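K.L.:
Input: one structure, supplied below.
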Amino acid sequence: MVNLSGKKVLFILASRNFRDPEFLVPEKVLEESGVKIFTASSAPISTGAEGAKVKVDVLLDKVNPADYDAVAFVGGPGSDEYFDDPTAHSIAKKTLESGKLLASICAAGSTLARAGVLKGKKATAFPSRGEDLKAHGADYTGKDVEIDGNIITANGPRAAKAFGEAIALKLM
């Protein structure tokens, strides 16, 4: 197993109805490698679509991407909360500008696409979001996990473990 102690990953969760396994599975993969996990949301407690309750570490408007090695947006039915959110867009842009790893899973790919950071990049997302990614300049592939430079995208819950593993590999 890889030792990534000292690395910090921030997961951004919708305040309600994030997809539980898209956070809990990669969180477990990364923690097993020694990564310290942090969470952010627009509310102090985020509730998953399947009932997980997560006390967040930092509110979205207080996030400084430079404090983390990677920032990952979690999908699910509630992730549309951030699709057109200027704060979420700013976090995505600043993460890449500071040379950090930026990731999204499932529908959260639309947040990255609408922030403009997927233009000309290979990316994947939940199939229903494919057209949105293309409309904002991404090269939508439909793969389970796609890595293009410092951007990792995944298509949904079944790719959650591979998503966590891809983040771990890029943090090495």
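K.L.:
Going residue by residue through region 105-126, is there one that turns out to be among the aliphatic types (A, V, I, L, M), out of contact with any Cys (no Cβ under 7 Å at 6 or more places or on another chain), more than 17 Å from SER41 (Cβ to Cβ) and touching a residue at least 60 places away in the same chain (Cβ under 8 Å)?
P.N.:
So far as region 105-126 goes, no, none of its residues is among the aliphatic types (A, V, I, L, M), out of contact with any Cys (no Cβ under 7 Å at 6 or more places or on another chain), more than 17 Å from SER41 (Cβ to Cβ) and touching a residue at least 60 places away in the same chain (Cβ under 8 Å).
K.L.:
Something else about it: Exactly one condition in (1) part of a helix (DSSP H, G or I); (2) surrounded by fewer than 22 Cβ atoms within 10 Å (Cβ to Cβ); (3) among the hydrophobic types (A, V, I, L, M, F, W, C) is false for ALA166; which is it?
P.N.:
Condition not satisfied by ALA166: (2).
K.L.:
From the list GLY130, GLY78, which residue is touching a residue at least 40 places away in the same chain (Cβ under 8 Å) and either under 12 Å from the mean Cα position of the chain (by Cα) or in a helix (DSSP H, G or I) (or both)?
P.N.:
Within the list GLY130, GLY78, the selection yields GLY78.
K.L.:
Looking only at residues in region 37-59 that are touching an Asp or Glu at 6+ places or on another chain (Cβ under 8 Å) and outside any strand (DSSP E or B), which one is surrounded by the most Cβ atoms within 10 Å (Cβ to Cβ)?
P.N.:
For region 37-59, the residue satisfying everything is SER42.
K.L.:
In addition: Of (1) touching a residue at least 40 places away in the same chain (Cβ under 8 Å); (2) surrounded by fewer than 23 Cβ atoms within 10 Å (Cβ to Cβ); (3) more than 19 Å from ASN17 (Cβ to Cβ), LEU102 satisfies all except one. Which?
P.N.:
Evaluating LEU102 over (1) touching a residue at least 40 places away in the same chain (Cβ under 8 Å); (2) surrounded by fewer than 23 Cβ atoms within 10 Å (Cβ to Cβ); (3) more than 19 Å from ASN17 (Cβ to Cβ) leaves (2) as the failure.
K.L.:
Shifting gears a bit: Output the number of the condition that GLY142 fails; it satisfies all remaining conditions of (1) free of Cβ contacts under 8 Å to residues at least 24 places away in the same chain; (2) closer than 21 Å to SER5 by Cα; (3) touching a helix residue (DSSP H, G or I) at 6+ places or on another chain (Cβ under 8 Å).
P.N.:
(2) is the only condition that GLY142 fails.
K.L.:
Report the residue count in region 24-36 for those that are in contact with a Lys or Arg (Cβ under 7 Å, 6 or more places away or on another chain) and not in a loop (DSSP other than H, G, I, E, B).
P.N.:
3
K.L.:
On the basis of being on the phi < 0 side of the Ramachandran plot and part of a loop (DSSP other than H, G, I, E, B), does VAL117 make the cut?
P.N.:
yes
K.L.:
Suppose the filter is more than 15 Å from VAL71 (Cα to Cα), more than 16 Å from the chain's Cα centre (by Cα) and modelled with pLDDT of 95 or more; does THR124 pass it?
P.N.:
No; evaluated as a whole, the condition is false for this residue.
K.L.:
Given the criteria at pLDDT 95 or above and outside any helix (DSSP H, G or I), does SER90 qualify?
P.N.:
Criteria not met by SER90.
K.L.:
Quick check on region 148-163. Is at least one of its residues surrounded by 23 or more Cβ atoms within 10 Å (Cβ to Cβ), polar (S, T, N, Q), touching a helix residue (DSSP H, G or I) at 6+ places or on another chain (Cβ under 6 Å) and closer than 21 Å to LEU59 by Cβ?
P.N.:
no
The values are calculated or read from the model by the stated rules, or taken from the named source; none is laboratory data. As the structure is a computational prediction, the values presented were derived from the model and not from experiment. Cβ coordinates were reconstructed from backbone atoms using ideal geometry, including for glycine residues, and neighbour counts include every protein chain displayed.
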